[in-house]
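Okay, so here's the structure we're looking at.
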Amino acid sequence: MEWVDIRLGDACTKIGSGATPKGGGSVYLDAGPIAFIRSQNIYNEGFSNDGMVYLDEKLAQGLANVQVEDLDVLLNITGDSVARACQVAQEVLPARVNQHVAIIRTNQQILWPTYLRYFLVSPAMQAHMLGLAAVGATRNALTKGMIESFSIRCPKEVDDQKAIADVLSSLDIKIDLNRRINQTLEAMAQAIFQSWFVDFDPVKAKIAAKAEGRDPQRAAIGAISGKTDAELDALPPEQYEQLAATAALFPDELEASELGEIPKGWSASPFGSLLAHTIGGDWGSDVPDSSNDTRVAIIRGTDIPDLDQAQAHRVPIRYTTQKKLASRMLQVGDIVLEVSGGSKDQPTGRSLRITANTMHGFDCPIEPASFCRLLRPISQEVSVILGLHLARIYAQGKTWEYQNQSTGIANFQTTHFLDAELVAKPPAMVAEKFYGLVNPLLERRHDAQSRRLAVLRDTLLPKLLSGELLVADAMVEAVA
């Protein structure tokens with residue numbers, strides 16, 4: 001295989017940044033015909049739909065010169081996320097990009113775009129771009145001239161470039177499939193949480209049935225299972241009895257509370273009252289010394305979105321004291337809450353509930369970073385409820401209410417949150433039943449496999465791009 005060095009500017013038909021429509025964030029839509037891609041959607045591991053916004057046709061037409069095409073490589077060119085690169089799945093298109101993202105469109109007869117994507121995210125190229133971006137400016141930035149001057153080492157034949165990209169892509173496709181499975185499992189858990197702890201469907205079904213002269217128990221069974229009367233009649237007796245036992249746990253009345261009407265016998269409890277322990281995180285030291293001599297993995301807010309999927313091996317390893325670790329070491333059921341680091345576009349308050357899957361793959365203790373906080377619920381059953389509650393209010397944007405932004409960084413008002421945020425706390429038997437239903441879903445996530453695949457991909461990537469490892473040998477390693 002013959003290898004060559006290509007100047008990126010000589011192998012592209014387009015290199016250019018996007019633009020922001022007049023009106024900025026005020027014109028963004030939650031859904032619409034044209035996706036508007038921003039730097040927070042671009043990750044080296046792939047494209048993220050989190051925080052995705054859209055434009056109407058008229059605004060998009062004014063940005064026609066920054067239209068994204070299939071296989072384009074997108075590169076973040078400013079700010080803290082500078083140098084992150086990925087490609088966009090076809091289902092995201094049509095799309096435009098803002099001024100913080102560059103579109104790189106290769107001449108596919110010279111340079112295969114997916115090969116370029118992997119070249120840009122390789123450790124050596126990431127270090128090179130970050131070094132360039134940090135020189136001579138108050139804010140990290142990559143210019144068009146810098147990008148054009150990149151020297152891309154690649155096989156001369158495009159088919160050979162494709163073969164290398166295909167090996168790496170096959171691993172990313174499996175990781176993405178696992179991510180989608182995980183999202184489905186999370187959505188199933190959230191749906192049950194919404195029904196039981198937000199909408200109170202079993203209770204409301206009983207109330208409605210009583211008013212209409214129907215069997216309240218039967219109505220609650222239908223609400224819990226989502227089945228019609230005919231479908232309930234067709235269930236095996238054992239399954240029906242299990243549903244009936246669950247339905248019996250719910251009352252047939254609602255009563256007033258600070259949260260509004262909640263099931264009778266439940267309580268509107270401050271979030272903090274459901275914690276046995278809480279403490280701010282720790283950043284530790286780069287290297288061990290006489291006091292900071294304990295090796296520890298540090299979970300940051302930026303790690304939270306992907307930690308349970310494929311990125312645990314990229315969590316920073318630092319050193320702390322035994323005393324600090326004793327009160328901060330994470331265990332199953334703990335929740336890591338991001339308390340600083342948001343922005344005007346992204347609220348603070350991302351969270352991660354620690355499961356057995358989360359712990360898998362670490363060869364040292366883990367603890368939250370200094371911009372995060374450890375929350376330890378009073379029980380495993382309550383932990384699942386609180387974890388889903390936090391994910392729900394973050395997705396709804398409610399965590400905006402608990403942060404200030406007197407500087408450029410948004411900080412979470414933790415004490416206020418712990419006192420003011422109310423959770424519908426059920427009797428112990430309801431919590432236990434909910435845990436029995438939902439925790440198996442959360443533990444079925446494909447996290448451990450995704451991490452193994454991610455480690456393999458990151459191991460193969462530099463070897464394939466340097467020619468140290470042949471495609472055939474890489475495929476053997478991948479299969480093994």
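The values are calculated or read from the model by the stated rules, or taken from the named source; none is laboratory data. Remember, it's a predicted structure, so these values are computed and weren't measured experimentally. Quick reminder, even Gly has a Cβ in these numbers, built from the backbone with ideal geometry, and neighbours come from all protein chains shown.
Only one of (1) in a strand (DSSP E or B); (2) on the phi < 0 side of the Ramachandran plot; (3) not hydrophobic (A, V, I, L, M, F, W, C) is not met by Gly341, so which one is it?
Of the numbered conditions (1) in a strand (DSSP E or B); (2) on the phi < 0 side of the Ramachandran plot; (3) not hydrophobic (A, V, I, L, M, F, W, C), the odd one out for Gly341 is (2).
Keeping to the range 364-406, report how many residues are under 19 Å from Thr302 (Cα atoms), of a type in the set (Val, Ile, Thr) and either surrounded by fewer than 23 Cβ atoms within 10 Å (Cβ to Cβ) or more than 18 Å from the chain's Cα centre (by Cα) (or both).
Going through the range 364-406 one residue at a time, the tally reaches 2.
Any idea which residue in the range 170-220 is surrounded by the most Cβ atoms within 10 Å (Cβ to Cβ), counting only those that are under 30 Å from Leu456 (Cβ atoms) and small (Gly, Ala, Ser)? Lay out the reasoning, then the answer.
Residues of the range 170-220 under 30 Å from Leu456 (Cβ atoms): 170-189.
Pick out the ones that are also small (Gly, Ala, Ser) and you get 170, 187, 189.
Numbers: Ser170: 14, Ala187: 10, Ala189: 21.
If we take residues in the range 170-220 being under 30 Å from Leu456 (Cβ atoms) and small (Gly, Ala, Ser), then Ala189 is surrounded by the most Cβ atoms within 10 Å (Cβ to Cβ).
Out of the range 116-169, which residues are part of a helix (DSSP H, G or I), touching a Pro at 6+ places or on another chain (Cβ under 8 Å) and crowded, with 16+ Cβ neighbours inside 10 Å? Even if it seems obvious, please write down each step before you answer.
Let us first name the residues in the range 116-169 that are part of a helix (DSSP H, G or I), namely 116-121, 123-133, 144-149, 158-169.
Then drop every residue that is not touching a Pro at 6+ places or on another chain (Cβ under 8 Å), which leaves 123-124, 161, 164.
Once the filter is applied, which keeps residues that are part of a helix (DSSP H, G or I), touching a Pro at 6+ places or on another chain (Cβ under 8 Å) and crowded, with 16+ Cβ neighbours inside 10 Å, the range 116-169 yields Gln161, Ile164.
Since Ile262 meets every condition but one in (1) closer than 27 Å to Thr348 by Cβ; (2) surrounded by 20 or more Cβ atoms within 10 Å (Cβ to Cβ), which condition does it not meet?
Single failed check for Ile262: (1).
For the range 201-289, give me every one of the helices (runs of 4 or more DSSP H) that falls completely inside it and has 2 or more residues that are modelled with pLDDT under 95 and in the same structural domain as Glu421 (by TED's automatic domain parsing).
The helices (runs of 4 or more DSSP H) meeting that bar number zero.
Working only within the range 254-264, note down all residues that are of a type outside the set (A, V, I, L, M, F, W, C) and farther than 14 Å from Trp196 by Cα.
First pass over the range 254-264, keeping only residues of a type outside the set (A, V, I, L, M, F, W, C): 255, 257-258, 260-261, 263-264.
Answer for the range 254-264, where residues must be of a type outside the set (A, V, I, L, M, F, W, C) and farther than 14 Å from Trp196 by Cα: Glu255, Ser257, Glu258, Gly260.
Which one is nearest to Val68 (Cα to Cα), of the residues in the range 92-115 that are more than 19 Å from the chain's Cα centre (by Cα) and assigned to a helix (DSSP H, G or I)? Before the answer, list the steps.
So the first thing to find is which residues in the range 92-115 are more than 19 Å from the chain's Cα centre (by Cα), and the list is 93-115.
Okay, now just the ones that are also assigned to a helix (DSSP H, G or I), so 113-115.
Details: Pro113: 13, Thr114: 15, Tyr115: 18 Å.
Among those residues, the one meeting the criterion is Pro113.
If the Cβ limit is 8 Å and pairs must be 6+ apart or interchain, which residue in the range 203-217 that is closer than 20 Å to Ile192 by Cα pairs with which residue that is β-branched (Val, Ile, Thr) and modelled with pLDDT of 95 or more?
Every condition considered, the pairs that remain are Pro216/Ile207.
Which of the residues that make up the range 198-237 are more than 38 Å from the chain's Cα centre (by Cα) and of a type in the set (A, V, I, L, M)?
Restricting attention to the range 198-237, the residues satisfying the condition of being more than 38 Å from the chain's Cα centre (by Cα) are 207-218, 229-230, 233-234, 236-237.
Listed by number, the residues that qualify are Ile207, Ala208, Ala209, Ala211, Ala230, Ala234.
Applying the selection to the range 344-376, what residues are under 22 Å from Ala187 (Cβ atoms) and not in a helix (DSSP H, G or I)?
Within the range 344-376, the first condition is being under 22 Å from Ala187 (Cβ atoms), and the residues that meet it are 346-347, 349-358.
If the condition is that a residue be under 22 Å from Ala187 (Cβ atoms) and not in a helix (DSSP H, G or I), then Gln346, Pro347, Gly349, Arg350, Ser351, Leu352, Arg353, Ile354, Thr355 are the ones that fit.
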